[in-house]
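Shown next, in structure tokens, is the structure this report addresses.
Readers should treat all values here as calculations from the given coordinates under stated rules, not as data from a laboratory. If you're wondering where the values come from, they're calculated on a predicted model, not measured in any experiment. No Cβ is skipped: glycine too gets one built from the backbone with ideal geometry, and neighbour counts run over all protein chains shown.
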Amino acid sequence: MYNVMRFNVGFSAIELLITFALLAIVSAIGVPTYAKYQTRVKMANILKEVNAAQMIVINDYHNNKTFNDSNYTNGDYNFTNSQANYISSIDIVDGIITINGEPTELGSRTITLTLTPNVNNNDITWSCAVNDAAFNEYVAKECRI
């Protein structure tokens, strides 16, 4: 008689179970982290998109030496590029710029950034604040409260 050696081909059930368990753990950590990352990128882009509104306020201040005349709404000017669909509106009241994020694009979060101009020796700097401390993890350091 011939002695035939059998070779096991494929994976055992326990090996497959361990693989799926590891995949589930990695997915449970990775998906929420990626979603948070996407929101942070959109919030960073919101700050870049608001440059046109900042320039209007700076120009008004240098022309009038006051922010009282810097009142605009999103309907008056197109402050953003047409691809910024994560911005709901941008309003300027007395030089203070309020940017409302689009909740459908920001994971159902209603995030609002407020940019306030500060004048020192005719130079304008900006301070930024988010509307709720719960959103600090999504905004830049300078906007956290």
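Laid out as a table, the results:
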{"quantity": "Under 20 Å from LYS65, Cα to Cα: lysines that are on another chain or at least 8 residues apart", "calculated": "none"}
{"quantity": "Straight-distance crosslink candidates among lysines, where the alpha carbon sits under 16 Å from LYS36 and sequence neighbours closer than 8 are dropped", "calculated": "LYS141"}
{"quantity": "Interchain or long-range residues, amide H under 5 Å from SER88's placed H", "calculated": "ASN100, GLY101, GLU102"}
{"quantity": "Contact order relative to length of segment 13-143, as percent, for alpha carbon pairs under 8 angstrom and 6 or more apart", "calculated": "19 percent"}
{"quantity": "Fraction of the pair-distance distribution of segment 13-143 above 23 Å, Cα-Cα pairs, percent", "calculated": "43 percent"}
{"quantity": "About the Cα centre, charge dipole magnitude for segment 13-143 (Lys/Arg +1, Asp/Glu -1 at Cβ), debye", "calculated": "320 debye"}
{"quantity": "Fewest-first sequence of LYS141, LYS36, LYS42, LYS65 by Cβ atoms within 10 Å of each Cβ", "calculated": "LYS141, LYS65, LYS36, LYS42"}
{"quantity": "Packing-based order for 51-58, 14-21, 86-93, using average beta carbon neighbours within 10 Å, highest first", "calculated": "86-93, 51-58, 14-21"}
